[in-house]
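The values are calculated or read from the model by the stated rules, or taken from the named source; none is laboratory data. What you see is a predicted model, and the numbers here were worked out from it, not measured in a lab. Here the Cβ positions follow ideal geometry from the backbone for every residue, glycine too, while neighbour counts run over all protein chains shown. Please note that ligands, DNA and RNA were not included when accessible areas were found on the heavy atoms of the full protein model with its side chains. Shrake-Rupley method; radii C 1.70, N 1.55, O 1.52, S 1.80 Å.
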Amino acid sequence: MRKTMWIILGITCAFNIALWSVFNRPENPEPGWSGTFNYVSFSPYRDGQDPIENRFPTPEEIMEDLVFLKDKTKGIRTYSSLDGIEAIPGWPRAWD
């Protein structure tokens, strides 16, 4: 009885591993993908800037980032409305 249980357990484990390996094969990303994202999360902080230490991006740096994203996404999402980010909705759209 014990031997049969171990055989069934071994077959079940082998089947699970084989099934897992079939559905989890690595894939190469599409080469040369040139689409656009619908929306991206936008945080304009650059190297050396830190909201905790009160070093925020300038409005010019934020606009540079928005212009850079213009052809890569249809829109942005911000998760803050402080420290310079609050001006983004009132600016002329970088996408225009």
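Structure notes:
- Given (1) of a type outside the set (S, T, Y); (2) assigned to a helix (DSSP H, G or I); (3) surrounded by 10 or more Cβ atoms within 10 Å (Cβ to Cβ); (4) at pLDDT 85 or above, number of the condition V22 does not satisfy: (3)
- Selection from region 56-80 of residues that are open to solvent by less than 60 Å² (accessible area, probe 1.4 Å), farther than 21 Å from S34 by Cα and of a type in the set (A, V, I, L, M, F, W, C): I62, M63
- Only one of the numbered conditions (1) surrounded by 10 or more Cβ atoms within 10 Å (Cβ to Cβ); (2) within 23 Å of the chain's Cα centre (by Cα); (3) not charged (D, E, K, R); (4) not in a loop (DSSP other than H, G, I, E, B) is not met by P44, and that is (4).
- Conditions (1) touching a Phe, Trp or Tyr at 6+ places or on another chain (Cβ under 7 Å); (2) modelled with pLDDT of 85 or more: number failed by N16: (1)
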